[in-house]
Amino acid sequence: MAAKIKKGDRVVILSGKDKGKHGEVTQAMPKEGKVIVSGINIVTRHRKPSQANPQGGLDRMEAPIAASKVAVEDPKTGKATRVRFDVRDGKKIRVAVKSGEAING
């Protein structure tokens, strides 16, 4: 089945601590059913000093989030929408259900 959420898509977070925030998908992992969204689901990792990093400290990075917790942003309204597939001009494209606009990506 074709992917409904791809790298580069603008998405809206549906649940969790970042609910309602918008971001861009930087990595999609379809086999695990997860995506990484820029600026969303930031986790802090405490690092001990090592030879590679003698200072140590806190590393903040984006953790994967379940793909079911994000929805594609409607290009027209900016709100969350579902995605369907249409054939236009002989090409299969993704279309926002709410507005009928084509989703580029």
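The values are calculated or read from the model by the stated rules, or taken from the named source; none is laboratory data. Note that the structure is a prediction, hence the values are computed from the model and not measured. For neighbour counting, all protein chains shown are included, and Cβ atoms are generated from backbone atoms with ideal geometry for every residue, glycine included. Keep in mind that these areas ignore ligands, DNA and RNA; they rest on the heavy atoms of the full protein, side chains included. Shrake-Rupley method; radii C 1.70, N 1.55, O 1.52, S 1.80 Å.
Remarks
- Per residue value of the accessible surface for the chain (all protein chains in place, 1.4 Å probe), Å²: 69
- 3J(HN,Hα) from dihedral phi, segment 90-104, Karplus parametrisation 6.51/-1.76/1.60, rounded to Hz, x for glycine, proline: x, 10, 7, 10, 8, 10, 6, 5, 5, 10, x, 6, 6, 9, 7
- Charge tally in the Cβ shell below 13 Å around Lys34, where Lys, Arg are +1 and Asp, Glu are -1, Lys34 excluded: +1
- Each Lys or Arg adds one and each Asp or Glu takes one away; over the other residues whose Cβ falls under 9 Å from the Cβ of Leu58, this sums to +2.
- Intensity falloff of the chain expressed as log10 I(q)/I(0), Debye formula with alpha-carbon point scatterers, at q = 0.20, 0.21 Å⁻¹: -0.99, -1.06
- Once backbone amide H atoms are built at 1.01 Å from N, Glu101 has Ala96 as its partners under 5 Å, excluding neighbours fewer than 5 places away on the same chain.
- Listed by chain and number, the aspartates and glutamates whose C-alpha is less than 19 Å from the C-alpha of Lys17, apart from same-chain residues fewer than 8 away, are Glu62, Glu73.
- Here's the picture: a label point sits 7 Å out from the Cα of Lys17 along the beta-carbon direction, and within segment 49-83 the residues with their amide nitrogen under 15 Å of it are 59-66.
- The magnitude of the dipole of segment 9-79, with charges of +1 and -1 set on the Cβ of Lys/Arg and Asp/Glu and taken from the Cα centre, is near 240 debye.
- Spatially proximal lysines relative to Lys19 (Cα-Cα < 17 Å; intrachain offsets below 8 disregarded): Lys34, Lys69, Lys79
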